[in-house]
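Here's the structure, in structure tokens; my notes come after.
The values are calculated or read from the model by the stated rules, or taken from the named source; none is laboratory data. What you see is a predicted model; the values in this text were computed from it and never measured. Glycine gets a Cβ as well: all are built from the backbone with ideal geometry, and neighbour counts include every protein chain shown. These area figures cover heavy atoms from the full protein model, side chains too; ligands, DNA and RNA do not enter into them. Shrake-Rupley method; radii C 1.70, N 1.55, O 1.52, S 1.80 Å.
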Amino acid sequence: MYELGQAVTASPREAVRWYLKAANQGYARAQFNLGSKYELGIGVVKDEREAVRWYREAANQGLAAAQCGLGIMFEQGRGVTKSDREAVRWYRKAAVQGDAAAQTNLGTMYNDGRGVAPSDDEAVRWYRMAAEQGYARAQCNLGFKFDQGEGVMQSDAEAVAWYRRAAIQGNPSAQCNLAVMFEHGRGVAHSFVEAREWYEKAVAQRHVDSIVNLAVMFEMGKGVDKDVDKALELLARATELGDAAAQGEIDRILASPRLRGRTAVVPIGDGGASEARGGSGGGAAAESSPGRLDDSALASASEEVEVDVELGDDDTEGDDDDDDDGNDDDDDEEDEDEGFGDGTSPDRSTAAAEEGAEEGSVVAGMRTISAAVGRAGAVVSSSPRGRRAKQRRSGGSCYLS
């Protein structure tokens with residue numbers, strides 16, 4: 001009640017006080033909720049050791065959410081000595097109980113060969129279990145396995161089907177990957193219009209790979225009127241979000257002969273990354289609500305500097321063959337999922353451990369929705385002009401998308 005402010009004034013401190021009373025009596029869900037508060041520093045001073053202590057108390061009673069949460073702490077080495085083996089052990093305990101986040105994380109450990117021998121077959125098996133429960137990150141990761149033909153027969157159609165399921169739920173990495181499939185006509189009819197629409201959905205969530213890919217569409221005039229200034233603005237936004245490669249794209253565009261005599265907006269300074277939870281991987285940004293990336297927002301993300309480029313007369317168009325198929329492998333991106341104190345585990349990731357990640361946990365009835373920290377997935381560079389988000393494989397803390 002104090003957590004949600006139902007019938008009483010919301011008070012994290014009061015919520016913690018009552019959780020502690022129940023936790024000391026051995027109530028597993030209260031122990032998990034209390035651990036979550038210590039992990040995030042809500043209502044109490046942040047203390048990851050205390051978080052681990054309470055997660056362990058609940059985990060030892062068989063609460064899947066706590067087992068997954070404890071696995072995340074071991075994977076990330078927060079409040080406890082880092083141990084992939086211990087992470088796998090706790091993920092497995094929660095996964096066999098049907099916890100989708102733990103299944104996804106366990107699949108990622110098999111995918112990466114951390115704490116267990118690498119196995120695409122096992123990764124696919126666990127991803128599928130979670131995906132069939134409707135868990136978006138697992139759906140995105142399973143789509144990626146079909147996309148790449150890892151642990152399953154390669155199938156663009158299956159990849160698209162799983163990407164679409166996750167994308168419809170709002171998973172930004174899946175939206176980016178689905179856009180890539182439309183852009184290149186893989187598993188679906190080729191459509192720049194559909195590609196742009198899906199990129200824009202992910203861009204609204206500050207998904208860096210999507211921002212870069214959309215910039216490429218504007219640069220090349222793929223499904224949109226060619227607009228190099230718009231491309232540069234998008235790339236400037238990507239650098240502000242911490243994507244170092246985006247600055248290289250800006251330099252490449254400005255060095256092009258076809259920009260002779262043009263002025264453009266380019267970022268100056270170090271382009272400090274405004275931390276979006278999950279970095280380029282694709283999780284929701286931990287800062288102010290990520291709204292549509294409109295021109296004013298883009299302009300504010302960089303300083304405007306007029307650059308006159310006069311490098312020749314050749315107005316040749318750049319290749320339109322960026323057909324790289326590397327999709328965003330949800331391995332890192334920082335997407336966020338909700339973990340519930342009733343057995344559904346929280347989806348946290350390395351990125352989430354940073355201050356600024358969506359820190360908040362809400363209790364719905366007896367369920368605690370802990371801010372999940374997703375980790376950004378590794379990025380695969382497609383042709384010189386754009387990349388496809390590699391679907392992150394939800395791992396440690398459900399990272400996948």
> Which of the helices (runs of 4 or more DSSP H) contained wholly in the range 135-201 include at least 1 residues that are buried (at least 20 other Cβ atoms within 10 Å of the Cβ) and among the β-branched types (Val, Ile, Thr)?
Replying inline: 156-168, 172-184
> If you check Arg114 against the conditions, is it surrounded by fewer than 18 Cβ atoms within 10 Å (Cβ to Cβ), under 25 Å from Gly71 (Cα atoms) and out of contact with any strand residue (DSSP E or B) (no Cβ under 7 Å at 6 or more places or on another chain)?
Replying inline: yes
> Which of the residues that make up the range 202-231 are farther than 25 Å from Gln148 by Cβ, part of a helix (DSSP H, G or I) and charged (D, E, K, R)?
Replying inline: Glu219, Asp229, Lys230
> In the range 88-98, how many are surrounded by fewer than 24 Cβ atoms within 10 Å (Cβ to Cβ) and either among the aliphatic types (A, V, I, L, M) or in a loop (DSSP other than H, G, I, E, B) (or both)?
Replying inline: 4
> Taking the stated definitions as given, is Ala123 surrounded by 17 or more Cβ atoms within 10 Å (Cβ to Cβ) and either assigned to a loop (DSSP other than H, G, I, E, B) or more than 18 Å from the chain's Cα centre (by Cα) (or both)?
Replying inline: yes
>> Cβ contacts < 6 Å: first residue at pLDDT 95 or above, restricted to the range 144-164; second residue of a type in the set (Val, Ile, Thr), any location; separation 6+ or different chain. Result?
In response: Lys145/Val124; Lys145/Val152; Phe146/Val152; Gly151/Val124; Val152/Val124; Val160/Val188
> Are there any pairs with C-beta distances below 9 angstrom linking a residue in the range 69-96 that is under 18 Å from Ala117 (Cβ atoms) to a residue that is open to solvent by 50 Å² or more (accessible area, probe 1.4 Å) and of a type in the set (Val, Ile, Thr), with the two at least 6 apart or on different chains, and if so which?
Replying inline: Glu75/Thr350
>> Suppose we keep only residues that are more than 16 Å from Gly71 (Cβ to Cβ) and in contact (Cβ under 8 Å) with a residue 60 or more places away in the chain within the range 25-53. Which one would you say is nearest to the chain's Cα centre (by Cα)?
In response: Leu40
> Taking the condition at pLDDT 90 or above, touching a strand residue (DSSP E or B) at 6+ places or on another chain (Cβ under 8 Å) and within 19 Å of Pro172 (Cα to Cα), does Val203 pass?
Replying inline: no
> Within the bounds of the range 72-81, is there any residue that is at pLDDT 95 or above and touching a strand residue (DSSP E or B) at 6+ places or on another chain (Cβ under 9 Å)?
Replying inline: yes
